[in-house]
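> Let me give you the structure first, and then I'll get to my questions.
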Amino acid sequence: MNRHTRPDDAVPRRRGATALGAALSSCALVAGVAAATPAAAGQGHTPAGVDYVALGDSYTSGPLIPQQIDANCARSDHNYPSLVAAAREVASFTDVSCSAAKTDEMWKAQGTNGPQLDAVKRDTDLVTVQIGGNDMGFGPIIATCAGLSSKDLTGNPCQQYYGASGFDQLTLNIIETAPKVARVLRAVHSRAPHARVVVVGYPDLLPDDGSGCYPTVPFAAKDFPYLRDTGKKLNLMLRTVALLNRAEYVDTYKPTVGHDMCKAPADRWIEPLRPAAPAAPAHPNAKGQEAMAKAVLARLGRGAGRH
């Protein structure tokens, strides 16, 4: 057992994973669960004097967005956790988000960054978590789909590639990521039993209407709606896992619709593979981080801290 792993969060609960897999296999069931009002305890108002810890990957850390304050993790002091902490005037703020993080990095060191869960203490009041994109293969998927587009610009070579086995591999990746995210949430609850735990979803990367913008985003025409739907499945999984693990969910997809990678530089909040604003490719720029911060703050205004 990893020395950072506690007995109560060491092994994923198979019942929860099975239930989630079944839910994702049935759109009607998942839609019903996702539409339900979160049952997180402590609804009311979050007091300002809270101890806040932010966990997450590069969508949280804000690579290349000024000012960078951690070279190892490509972390910005203007990422959404920093903006949330400033707006809430929290008592203490610890941001351990790190670029390229997977759920494993909650328990393992990542370069000079220690295990992210080490930042969560018994007296932590608020934890935001944005994780799972790297577990399901976010970076390699973009590279693969961009490379395949040259073979068939008008078709869906990426979808065909990931569906060659007769089952969509990206959907399977998302289902397999679900118990990993659930394990993280159980670990957070174990370490900070009174904390309010908020799962933050991923923003809208591609046009919500399914249109494309080759060569700005080098995907084949019919792969744009396929990859858009994959992003929605990832968010649906995160929402469902949150609801099944006593956490709240923040939707950052809807607030960012119309500001995807295909939009003009002045209008986009997600940079394409060749960014025009300071940000990593296919990642939120400063405006995108501000939009996610607003979504988190709106969620925090509807709930409480300790429960």
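> So what's the net charge close to Thr216: Lys and Arg +1, Asp and Glu -1, counting the other residues with Cβ under 11 Å from its Cβ?
So the surrounding residues net to +1.
> Hey, another quick one. Please give the contour-minus-distance gain from Leu297 to Ser150: 0.36 nm per residue of separation, less the Cα-Cα distance, rounded to one decimal in nm.
Answer, rounded to one decimal: 48.7 nm.
> Also, quick follow-up: May I ask you to list the chymotrypsin sites (Phe, Trp or Tyr not before Pro) in the range 157-261 that are in a DSSP loop and have at most 13 other Cβ atoms within 10 Å of their Cβ?
Passing both the DSSP loop test and the Cβ count: Phe167.
> Here's something else I'd like to know. Counting other beta carbons within 10 Å of each Cβ, put Met106, Met261 in order, fewest first.
Met261, Met106
> Here's a follow-up. Would you grab the residues whose amide H sits under 5 Å from the one on Ile69? Only those 5+ places off in sequence or on another chain, please, with H modelled 1.01 Å from N.
Arg75, Ser76, Asp77
> For Ala100, list long-range residues whose amide hydrogen, built 1.01 Å from N in the peptide plane, is under 5 Å from its own amide hydrogen.
Excluding prolines and chain starts, which carry no amide H, the hits are Ser58.
> Say the cut-off is 22 Å between C-alpha atoms; which of Lys121/Lys294; Lys180/Lys233; Lys108/Lys287 go over it?
As for pairs spanning more than 22 Å Cα to Cα, those are Lys121/Lys294; Lys108/Lys287.
> Still on this structure, I have one more. Taking θ as phi - 60°, what are the ³J(HN,Hα) couplings along the range 52-68 by the Karplus curve (6.51, -1.76, 1.60), each to the nearest whole Hz, with x for Gly and Pro?
Computed from phi, the couplings for the range 52-68 are 10, 10, 10, 10, x, 9, 5, 5, 8, 5, x, x, 6, 6, x, 8, 7 Hz.
> Here's something else I'd like to know. For the range 182-229 and the range 255-292, what is the separation of their Cα centres, given in Å?
14 Å
> Report, in debye and to the nearest 20, how large the dipole of the range 110-263 comes out about its Cα centre when Lys and Arg carry +1 and Asp and Glu carry -1 on their Cβ.
460 debye
Each reported figure results from applying straightforward, stated rules to the coordinates on display, with no laboratory input. Given the structure is predicted, the values throughout are model-derived calculations rather than measurements. Glycine gets a Cβ as well: all are built from the backbone with ideal geometry, and neighbour counts include every protein chain shown.
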